[in-house]
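Read the structure below first, then the notes.
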Amino acid sequence: MKRLRELNRYRDRAWEHRMGGKGDDFGGCFVMPSPHGVDLRIIAASGEGWDHVSVSTALRCPTWAEMEQVKRAFFRDDEAAVQLHVPPKAHISVHPHCLHLWRPHEQAIPMPPEWMVA
């Protein structure tokens, strides 16, 4: 994940305070405008071997374009991040309009052959 100070223009200090702390290079709360005219509410964290970014809007799930915008903003160009679809018994829904990006620290995310995704 990028150093989050690079995104300070989107940082929401009041939200970070309500969440019990202040953000730093490894985590924080952000509000980023979407090209679709809504605010993307973002929580980013790096720890326990993972980078994790959650993205939500007030009235709907983020679109593919919005998730791609956030991926490009929060992760370096040479990093892959994934959305996970876990088995139903492991699913925990805390917010009805929230999607997540994940990246493990210690291993590369397996990628299909380029011809499959081009």
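Taking the Cα centre as origin and putting +1 on Lys and Arg beta-carbons and -1 on Asp and Glu beta-carbons, what dipole magnitude results for region 25-72, to the nearest 20 debye? Walk me through the intermediate numbers first.
Working: 4 positive and 6 negative charges, 38 e Å.
Rounded to the nearest 20 debye, it is 180 debye.
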Largest-first principal axis extents of the Cα set of region 1-61 (Å): 31, 23, 20
³J(HN,Hα) computed for each position of region 25-33 - Karplus, 6.51 cos²θ - 1.76 cosθ + 1.60, integer Hz, glycine/proline x: 5, 10, x, x, 10, 9, 10, 10, x
Most fluctuating residue given options GLN83, GLN69, GLN107, as computed from a GNM of the chain linking Cα atoms under 10 Å: GLN107
Candidates LEU101, LEU84, LEU40: whichever shows maximal mean-square fluctuation once the chain is modelled as a Gaussian network with Cα springs under 10 Å: LEU84
Spin-label model distance (nm) - GLN107 vs SER34, 7 Å beyond Cα toward Cβ: 3.3
Check: region 4-117 dipole with +1 on Lys, Arg Cβ and -1 on Asp, Glu Cβ, in debye: 480
Between 0 and 90°, nearest 10: helix 64-74 axis offset from the chain longest Cα axis: 70
Residues whose placed amide H lies under 5 Å from that of LEU40, excluding near-sequence neighbours: MET32, SER34
Computed lengthening from LYS89 to LYS2, 0.36 nm per intervening residue step minus Cα-Cα distance: 28.1 nm
Sequence ranges 6-12, 87-93, ranked by mean other-Cβ count within 10 angstrom, highest first: 6-12, 87-93
Length released on extending from ARG13 to GLU114, taking residue separation times 0.36 nm less the Cα-Cα span: 32.3 nm
Projected label distance in nm at ARG76 and THR63, using a 7 Å step from Cα toward the beta-carbon: 3.1
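Each value in this text was obtained by applying a stated rule to the coordinates, not by laboratory testing. Because the structure is a prediction, the values reported are computed rather than measured. Ideal geometry is used to build each Cβ from the backbone, glycine not excepted, and the neighbour counts take in all protein chains shown.
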